[in-house]
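Notes for the one structure printed next.
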Amino acid sequence: MPLTRREFLLDSAGTTLFASAGPQRKQRSNYPFRHGIASGDPLTDRVILWTRITPALETTDSELILRYRWLMATDVALTQVVRSGQGQTSAQRDFTAKVDVDGLSPGQTYYYAFEVDGHWSDVGRTRTLPTGRVDHLRIAYTSCSNFAKGFFNVYKELAKRADLDVVLHLGDYIYEYAELEDCVRTGRVNEPLKEIRTLDEYRTRHACYKRDKDLQEVHRQHPFMVIWDDHEVANNAWVGGAEQHSDADSGDWRQRLNGAVRAYLEWMPIREPDRSNMGIYRSFRFGDLVDLSMLDTRLAGRDRQAETLAERDRNDRTLLGFEQESWFYSQLVNAQQQQITWKLMGQQVMVAQLGTNTMPINYDQWDGYPAARQRLFDCVRQSQVDNFVVLTGDIHSSWALELYDDPFAEGEATPLGVEFVTPAVTSEGIANQTRASLAASSVQALLPHLHFVDFYYRGYVLLDITHERLQAEWWVVDNVASHRYSSDCLRAVTVEAGSARLQDAVSVSKAKASAPLAPAFANDLAFLRRWQPVAQDSSEQMVAVHSEGAY
Ligand SMILES: [Fe+2]
């Protein structure tokens, strides 16, 4: 196979420039950044940068300390450097590295790279949150990316879009199953090839996903805001367990949970919470246009899924946990009082009624926690929160719904908000297209608050947001079985500010001006000559890195 430009340059340049840099230079070209780079949780003055440094030989040797440097610039060539620093990592963090870069300007695109021993990562691109008056935003979101189920074509599509302010991932970023059949069918083999239950197994699975080129590319081009669903731990997880987890077969639940959460916090570009209760729920403000809360409907406080209607209807049951509930309600009220136009609720399972009050279909969704849903709806109504938009994942299909206390009640009611459900990156809805459209038309007939549903396609939702209206567009790919695919907009729906009623859009939205995508390659000679490599010094014993806000 012909050498890439990068390998040619490294092999030709390496011999002269880095002879002193020790033996590991001869290994594969993306060494040691085999899991790519990423950024996340942008705020107005800071952003998280992430990478993983692959030791020359994979090791759990707690003595081994790997030092790295990072820099951030305002230009793709990394000449206008505004921040730089160094840090180190060890097996304690599975050699992942995270830096919380502060001192940045709001609403600015930045480019960044990491360096270890003269080896530079690719260039990454990220963006801080805007402040003040904001007229136009474009936010994309998706969920349910199962490695063995197919190619991450959806991530590839997202990576190509230069004009996104941020990408949200609403959960099921990894799946815990072995998926043996799918691994054989797609040739995308999970590591380890078993259901994962321990810290090391969750780490290995995250590493397996982060080696995917399309996943690396979308993380390289866009800052992410991520939140977990259940499969980052185990199917249908709740605070005290999961549907398919029995301590007898799968070991102690707390231990499994702690391992899964620790691996997630190590391998994801998320600002690590300083809360004791696993709470990663948090909020982001995009100037005066959007207030976004990213909620955790799984591990922060969810009660077990009910088994009977009577249990389901108990008033003291919660999905978010009462601490997160009150935190979220005050977020909504504050955003309304501060006249932020749109209040977005990023979360996992469907809020709108899928089943009727007496015949809920899925107890794992908000239908299984009606009292909690009513508390949410009461907060929205009583605090006159307008422009309330729920962003949902989990159900591997596309939905647009209006939110009502009881959509099945006779007579005219005013909706209190809308809900947009994203399709999955690879997880299946209904794989047979005919059956999928049959199911769609029967559900459409059943649910008066349903504007549109699709069970067949994978994809993502693009939100094009102004103060006048919010437009949701379902961009889908025709297959994930191969890298050869086509993508198009399946449906576009708008909600006018102040209306909470859905209507079809006249056309897809136009792109907005944006900074160029990051070029692939940081290691050009001119750049390298500007930077002297940092020598590795394994004597220093340090688990967490030192100052510079690095983890
Ligand atoms: Fe899922």
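Before moving on, here are some points about what is shown:
- Flag set for residue 84, criterion: open to solvent by 10 Å² or more (accessible area, probe 1.4 Å), over 23 Å from residue 461 (Cβ atoms) and of a type in the set (Ser, Thr, Tyr).
- Restricting attention to the stretch 360-382, the residues that are open to solvent by 40 Å² or more (accessible area, probe 1.4 Å) and not charged (D, E, K, R) total 5.
- Residues of the stretch 225-262 satisfying the condition of being within 16 Å of the ligand (Cβ to nearest atom) and charged (D, E, K, R): 229, 230, 232, 243
- Test: residue in the stretch 168-177 that is touching a helix residue (DSSP H, G or I) at 6+ places or on another chain (Cβ under 9 Å), farther than 30 Å from residue 489 by Cα and surrounded by fewer than 23 Cβ atoms within 10 Å (Cβ to Cβ): yes
- Answer residue from the stretch 150-167, given it is outside any helix (DSSP H, G or I) and charged (D, E, K, R) and is most open to solvent (accessible area, probe 1.4 Å) among those: 161
- Close pairs from the stretch 190-213: first surrounded by 19 or more Cβ atoms within 10 Å (Cβ to Cβ), partner among the basic types (Lys, Arg), Cβ under 6 Å, at least 6 apart: 196/205; 197/256
- Taken over the stretch 141-155, the criterion of being within 13 Å of the ligand (Cβ to nearest atom) and not small (Gly, Ala, Ser) is satisfied by 142, 144, 146, 147, 149.
- Qualifying residue in the stretch 144-156 (condition: on the phi > 0 side of the Ramachandran plot and in contact with a strand residue (DSSP E or B) (Cβ under 8 Å, 6 or more places away or on another chain)): yes
- Among residues of the stretch 166-184 being out of contact with any Gly (no Cβ under 9 Å at 6 or more places or on another chain) and not hydrophobic (A, V, I, L, M, F, W, C), the one that is farthest from the ligand (Cβ to nearest atom) is 181.
Table: residues versus (1) open to solvent by less than 10 Å² (accessible area, probe 1.4 Å); (2) part of a loop (DSSP other than H, G, I, E, B); (3) aliphatic (A, V, I, L, M).
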position	(1), (2), (3)
409	no, yes, yes
414	no, yes, no
420	yes, no, no
427	yes, yes, no
431	no, yes, yes
435	no, no, no
443	no, no, yes
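- Whichever residue in the stretch 235-264 is assigned to a loop (DSSP other than H, G, I, E, B) and not small (Gly, Ala, Ser) and, among such residues, is farthest from residue 178 (Cα to Cα): 239
- Pairing each residue of the stretch 221-234 that is in a strand (DSSP E or B) with any residue that is within 12 Å of the ligand (Cβ to nearest atom) and not basic (Lys, Arg), provided the two are 6+ apart or on different chains, yields C-beta distances under 9 Å for 224/169; 225/169; 226/169; 226/170; 226/171; 226/173.
- One residue stands out among those in the stretch 481-495 that are of a type in the set (D, E, K, R) and part of a strand (DSSP E or B): the one that is surrounded by the most Cβ atoms within 10 Å (Cβ to Cβ), which is 491.
- Filter result for residue 518 (modelled with pLDDT of 55 or more, closer than 24 Å to residue 66 by Cβ, open to solvent by less than 30 Å² (accessible area, probe 1.4 Å) and not β-branched (Val, Ile, Thr)): yes
- Every condition in (1) open to solvent by 10 Å² or more (accessible area, probe 1.4 Å); (2) within 24 Å of residue 236 (Cα to Cα) holds for residue 141 except the one numbered (1).
- Under the condition of being within 16 Å of the ligand (Cβ to nearest atom), in a strand (DSSP E or B) and closer than 13 Å to residue 352 by Cβ, the residues counted in the stretch 382-407 number 3.
- Residue 508 within 28 Å of residue 126 (Cβ to Cβ), open to solvent by 40 Å² or more (accessible area, probe 1.4 Å) and out of contact with any helix residue (DSSP H, G or I) (no Cβ under 6 Å at 6 or more places or on another chain): yes
- Among the residues of the stretch 178-189, the ones that are hydrophobic (A, V, I, L, M, F, W, C) and open to solvent by less than 30 Å² (accessible area, probe 1.4 Å) come to 2 in all.
- Scanning the stretch 126-138 for residues that are open to solvent by less than 10 Å² (accessible area, probe 1.4 Å) and not β-branched (Val, Ile, Thr) returns 129, 137, 138.
- The set of residues in the stretch 445-462 being outside any strand (DSSP E or B) and either in contact (Cβ under 8 Å) with a residue 24 or more places away in the chain or among the aromatic types (Phe, Trp, Tyr) (or both) consists of 447, 448, 449, 455, 456, 457.
The values are calculated or read from the model by the stated rules, or taken from the named source; none is laboratory data. As the structure is a computational prediction, the values presented were derived from the model and not from experiment. Backbone-built Cβ (ideal geometry, glycine too); neighbour counts: all protein chains shown. Side chains are part of the model used for accessible areas, which takes the heavy atoms of the whole protein and leaves out ligands, DNA and RNA. Shrake-Rupley method; radii C 1.70, N 1.55, O 1.52, S 1.80 Å.
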